[in-house]
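Notes for the one structure printed next.
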Amino acid sequence: MDISLSLIKNRLFKNISWLMAEKLIRMSINFVIFGLLARYLGVSKFGTFSYFLTIVYLLNPFWTLGTNQIIKDKMSKNPNDKEKYIWAGIVIKLSTSLILLGLSTFYILFFDDVFEQSVDKYLFLVLLFSYLFRSVDVFELWFDSQIRSKHSSIVKVFAFLFTSVFYIIGVFLKFSILYFGICFIFEFLLVGFGYLYIYFKRDSNILKFEISGDVIRNILVISLPIFFADISITIFTRINQVMLNHYIDKEAVGIFAAAMRLTEIWLFIAASICITFFAPIVIAGKEKNREFQMLVRRLFNLVNVISCFIIVVVFIFASPIVLVVFGKDYLKSVHILQILIWSNLFVFWSYAQEPWDIAKGMIKFRFFRVSLGACLNIVLNMVLIPSHGCVGAAYSTLISYAVAYFLCNICTKTSREIFIIQLKSFMFWKSGY
């Protein structure tokens, strides 16, 4: 048992190291890129760019249909059948990409009066094309399922660095906002080619054509609760900017987006760690052994320590961070950032709970939690945004995250196990990592 756990820890450490290295590079350069972009576009145009990115992200659940975790779970347990699940993921994502593009084109053609400027509708359409290029992201699920994130990390770093050059060129040559939308989708195109290259070089020189209607249907049926949960998650993580645009204007969206960008930029740490822990926790959970409990506790202890450190540092240095990254035009974002950064504790916990939810068969409860959080966020936004603007939106986010990712775990006997682990993670030194 101890030898097995030691081997798992060694693989986890190596995988986390690669993921963290990739994300650290992205974070560092993102500070520069989005700082330059926000300064160049100005608060209003940056708000426009952020607003349409938000709309695209809101459509993300309708692209994945909640299948990512299910496909990764099946490939981790049945690696010899990987082609079957890879093709299932490609077919699902290509189909939903084409449907989203078709419906969006129809919307733009017949309802173009909702766009303030003609360039806005082209920007929206260009950003949507990213889904088409991301259809081969299923290969990343294969790498993650085998705890081999080294390959996907190398590809994403190369694509990001290459694309960053074009962002910088666009800023200094004063290109239009549409150009930056093209840069956004170009990165996904490069990543797609990179995944294909790595797969054919390291895993197989051929990709057997195995499309099974039964497999696709099975994945879609199992993924249904996750799909509805993802809709709820996306709504209450992104709806703030849509409602700010509705109640105030795109300048308010730009101010809020700057604070949100500096809040969410740290989430790569939780994502990297939890991607690595995902397969070992799910597998150990099926066997109901001691390793399962130990892995879950160590995961929560780790993300709790990291999130608390980030919260304290960002809260104290919020003003200089905003000033250095975005400039004096965005100083209104400081107070918003100081509120939003506290939500990272609950978001880090949500990442850590995801593999536990799947291992324990608590997917429906996950849907309940995030649905309640989404509804609460919308209601709080309706009440607080008209009276308190961006600050109200920030408090809406913080309260809804606390309810969905922490307090809701009191509701059932099984989830109270996680609630206790969350509380005990503040005493991490007693159990270690």
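Side notes on the structure shown:
- Of everything in segment 10-45 that is among the β-branched types (Val, Ile, Thr) and at pLDDT 70 or above, the residue that is surrounded by the most Cβ atoms within 10 Å (Cβ to Cβ) is Val43.
- Checking Phe184, Phe172 one by one, the residue that is crowded, with 18+ Cβ neighbours inside 10 Å, modelled with pLDDT of 80 or more and over 22 Å from Ile71 (Cβ atoms) is Phe184 and no other.
- Flag for Ser350 being modelled with pLDDT of 90 or more, within 27 Å of Val322 (Cα to Cα) and outside any loop (DSSP other than H, G, I, E, B): no
Quick grid of which residues meet (1) closer than 25 Å to Ile216 by Cβ; (2) surrounded by 21 or more Cβ atoms within 10 Å (Cβ to Cβ):
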{"residue": "Thr48", "(1), (2)": "no, yes"}
{"residue": "Leu53", "(1), (2)": "no, no"}
{"residue": "Leu59", "(1), (2)": "yes, no"}
{"residue": "Ile70", "(1), (2)": "yes, yes"}
{"residue": "Asp73", "(1), (2)": "yes, yes"}
{"residue": "Ser76", "(1), (2)": "yes, no"}
{"residue": "Pro79", "(1), (2)": "yes, no"}
{"residue": "Tyr85", "(1), (2)": "yes, yes"}
{"residue": "Val91", "(1), (2)": "yes, no"}
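- Residue in segment 61-82 that is more than 20 Å from Phe278 (Cα to Cα), assigned to a helix (DSSP H, G or I) and modelled with pLDDT under 85 present: no
- Every test in (1) among the polar types (S, T, N, Q); (2) more than 16 Å from the chain's Cα centre (by Cα); (3) buried (at least 23 other Cβ atoms within 10 Å of the Cβ) is passed by Ser319 save one, and that test is (3).
- Some residue of segment 134-145 being surrounded by fewer than 19 Cβ atoms within 10 Å (Cβ to Cβ) and in contact (Cβ under 8 Å) with a residue 24 or more places away in the chain: no
- Pair list, Cβ under 8 Å, 6 or more apart: segment 316-343 residue under 21 Å from Leu36 (Cα atoms), other residue of a type in the set (Ser, Thr, Tyr): Val322/Tyr330; Val322/Ser333; Phe326/Ser333; Leu331/Ser319; Val334/Ser319; Leu337/Thr263
This table checks each residue for (1) part of a helix (DSSP H, G or I); (2) within 27 Å of Leu94 (Cα to Cα).
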{"position": "Leu141", "(1), (2)": "yes, yes"}
{"position": "Val155", "(1), (2)": "yes, yes"}
{"position": "Ala159", "(1), (2)": "yes, yes"}
{"position": "Phe162", "(1), (2)": "yes, yes"}
{"position": "Gly170", "(1), (2)": "yes, no"}
{"position": "Lys174", "(1), (2)": "no, no"}
{"position": "Phe180", "(1), (2)": "yes, yes"}
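- Residue check, Ile154 surrounded by fewer than 21 Cβ atoms within 10 Å (Cβ to Cβ), touching a Ser or Thr at 6+ places or on another chain (Cβ under 7 Å), at pLDDT 80 or above and closer than 30 Å to Gln69 by Cα: no
- Boolean, Leu302 is under 23 Å from Ser28 (Cα atoms), in contact (Cβ under 8 Å) with a residue 40 or more places away in the chain, crowded, with 16+ Cβ neighbours inside 10 Å and out of contact with any His (no Cβ under 6 Å at 6 or more places or on another chain): yes
- Scanning segment 344-363 for residues that are more than 13 Å from Gln422 (Cα to Cα) and under 20 Å from the mean Cα position of the chain (by Cα) turns up Asn344, Glu354, Pro355, Asp357, Ile358, Ile363.
- Criterion violated by Val370 - all others in (1) closer than 26 Å to Ile235 by Cβ; (2) touching a Leu at 6+ places or on another chain (Cβ under 9 Å) satisfied: (2)
- Members of segment 31-51 found to be farther than 20 Å from Thr163 by Cα and not β-branched (Val, Ile, Thr), listed by number: Gly42, Ser44, Lys45, Gly47, Tyr51
- Ile265 vs. criteria at pLDDT below 85 and closer than 23 Å to Ile310 by Cα: yes
The values are calculated or read from the model by the stated rules, or taken from the named source; none is laboratory data. These numbers were taken from a predicted model, which means no experiment stands behind them. Virtual Cβ from ideal backbone geometry, glycine too; neighbours counted across all protein chains shown.
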